[in-house]
Structure formats: C-alpha cells, structure tokens
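S.K.: Before I ask anything, here is the structure I am working with.
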Amino acid sequence: MALSFEEKTRIDLAATFRIIAHLGMHEAVANHFSAAVSPDGKDFLLNPKWKHFSRLRASDLLLLNADDAANAERDNVDATAWAIHGQIHQRLPEVRVVLHLHPVYTTSIACLAHPHIPPIDQNTARYFNRVAIDTLYGGMADSVEEGARLADLLAGKRRLLMGNHGVMVTGQTIGETFDDIWTLERACQILVTAWSTGRPLKVLSDDVAEKTAQDWEKISDFSRQHFEEMKHLMIEADPSLVD
Ligand SMILES: [Zn+2]
C-alpha cells in the first residue's frame, strides 16, 4: 500500500536525524528538526525532547499543531523547540521543513564579530548574498517572543546564521533542506581551513559568485538525490528506522 504524505515524511525526517548523527553534525541530545504535514503548514512533525538523533525512528516523531499552546506544557516537547519551530510553522505556512543545528564550522563563522561567508569556492559561493544573519543572541530561546522574532528574520529567506548560536535552514523538501545545511557546513569548514593558513584568500568576483549560486539553484534534483542515497545507507544500517 502506498504511504501517506505523513508516513513518508516521518521516514524522511527520521532518516535525516540518523544522517546528521552519522556525520557528527548533532550536539548531545539538543537540536531539532521539523516538517509540516498539513497544507496550511500548522501540523508538523518534531523530534521528542532529549532523545539521541541516532536512535530516532519514524514513529517516535511528535505530531503537533502550531496553534495548540498546550504543547508548551508537554514533558516530551523541548521548550526551545516549541518556541522556535512552533512560531515558524504558525507564521510561515510556505516553510515546509526547518532544520536547526550547532555544527562546528558553521557555528564558528556565526561567532565572528562580523559573520560572513566570502565566496572562495563552489560551496561558499552557493550562499552568496543568500543568508540572513542574526546578531541579537540573548540566551536560550524558550519564549514565544523570541521564536516570533526568529520567524520574522526568516520571512523571505531560507537560511539564518544565528550569531553566537548556530544555524537554521528551511526549505520545501526534506532532501533539499538536508543537502543545504550539509553544504553550508562544508562551505564553512573550507572557509575556516583556508583562513587557518594565515594566507590571503582569493575571493571570487561578485559576478562569478552570483552565477555559481544560480547554478546551484538549478540542480535541486542533485540535492534530493544526495539525501536519497544517504537515506538508503541509513535504512540499510538499521531497517527499524522506518518503524
Ligand atoms: Zn540551538
């Protein structure tokens, strides 16, 4: 029997948690991913509080409604996840997938006095003029007001570099959004490594950087296939992922 959209989304999101843990981009039992499953974007799947990404199965994901304030009181819902993901799914129906991480290299760039990603290769150029930057970190984001502020910063943008904190990447499909947060981390790893040589960077011209970013935007099927390949590897390693 064909899977429903929610069932398929559960498997794809569970696979994303496994992939990110496999790649070492997770942090302890923190960080959250969510994916909308209703046309209005308000019904969404979220990982339960303080469970390791590498153990999550499709059926473990919580189905929440962004308008239901009682979710804030649930023991298995993390307060910061509810504040941020709940507000994004309530306010931005066009956002279908929200991934939030503190990966080492992207977070390192987010901790600079002036966070920016100069285009020095194909990966960094993907983000040329395409990342919103928040420099107003004020402690752990567990209030509806802070979630609303972050949601407003994401309106019309796909990626938010969260100063002194981490990164939020949004998208239309889980595959494209996964590939985006992975490539951003790789871009920042290349940038930090290049800076660590102490030698001057050769920054690409604006024209070449813009063309490269546009070229990336034409191959979203590459991003989805990257995800599908990684998902197969995760299911092969542990078929209970889909349960
Ligand atoms: Zn965080």
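S.K.: Is it fair to say residue 53 is within 16 Å of the ligand (Cβ to nearest atom) and crowded, with 20+ Cβ neighbours inside 10 Å? I'd like the intermediate steps shown before the answer.
M.R.: Details: within 16 Å of the ligand (Cβ to nearest atom): yes; crowded, with 20+ Cβ neighbours inside 10 Å: yes.
So residue 53 passes the test.
S.K.: More than 20 Å from residue 184 (Cβ to Cβ), within 16 Å of the ligand (Cβ to nearest atom), surrounded by fewer than 23 Cβ atoms within 10 Å (Cβ to Cβ) and of a type outside the set (Gly, Ala, Ser): is that true of residue 153 in this structure? Don't jump to the end; show me each part of the working.
M.R.: On the way: more than 20 Å from residue 184 (Cβ to Cβ): no; within 16 Å of the ligand (Cβ to nearest atom): yes; surrounded by fewer than 23 Cβ atoms within 10 Å (Cβ to Cβ): yes; of a type outside the set (Gly, Ala, Ser): yes.
Answer is no for this residue.
S.K.: Among the numbered criteria (1) part of a loop (DSSP other than H, G, I, E, B); (2) farther than 16 Å from residue 121 by Cβ, which one does residue 178 miss?
M.R.: (1)
S.K.: Being within 16 Å of the ligand (Cβ to nearest atom), surrounded by 15 or more Cβ atoms within 10 Å (Cβ to Cβ) and more than 17 Å from the chain's Cα centre (by Cα) narrows it down to one residue among 142, 121; which is it?
M.R.: Details: 121 fails: within 16 Å of the ligand (Cβ to nearest atom).
Residue meeting the stated conditions: 142.
S.K.: While we're looking at this one, here's another question. Run residue 27 past the list (1) modelled with pLDDT of 95 or more; (2) assigned to a loop (DSSP other than H, G, I, E, B); (3) more than 16 Å from the ligand (Cβ to nearest atom) and report the number of the one that doesn't hold.
M.R.: Condition not satisfied by residue 27: (3).
S.K.: Another question about this same structure. Out of curiosity, is residue 48 out of contact with any His (no Cβ under 7 Å at 6 or more places or on another chain), farther than 22 Å from residue 234 by Cβ and either within 16 Å of the ligand (Cβ to nearest atom) or not in a strand (DSSP E or B) (or both)? So that I can check it myself, show each step before the final result.
M.R.: Values: out of contact with any His (no Cβ under 7 Å at 6 or more places or on another chain): yes; farther than 22 Å from residue 234 by Cβ: no; either within 16 Å of the ligand (Cβ to nearest atom) or not in a strand (DSSP E or B) (or both): yes.
Answer is no for this residue.
S.K.: Could I ask something else about it? Let me spell it out: the conditions are (1) part of a helix (DSSP H, G or I); (2) within 16 Å of the ligand (Cβ to nearest atom); (3) not polar (S, T, N, Q), and residue 99 meets all of them except one. Which number is the exception?
M.R.: Status for residue 99: all satisfied but (1).
The values are calculated or read from the model by the stated rules, or taken from the named source; none is laboratory data. Since we're looking at a predicted model, the values are computed, not measured. All Cβ positions, glycine included, derive from the backbone under ideal geometry; neighbour counts span all protein chains shown.
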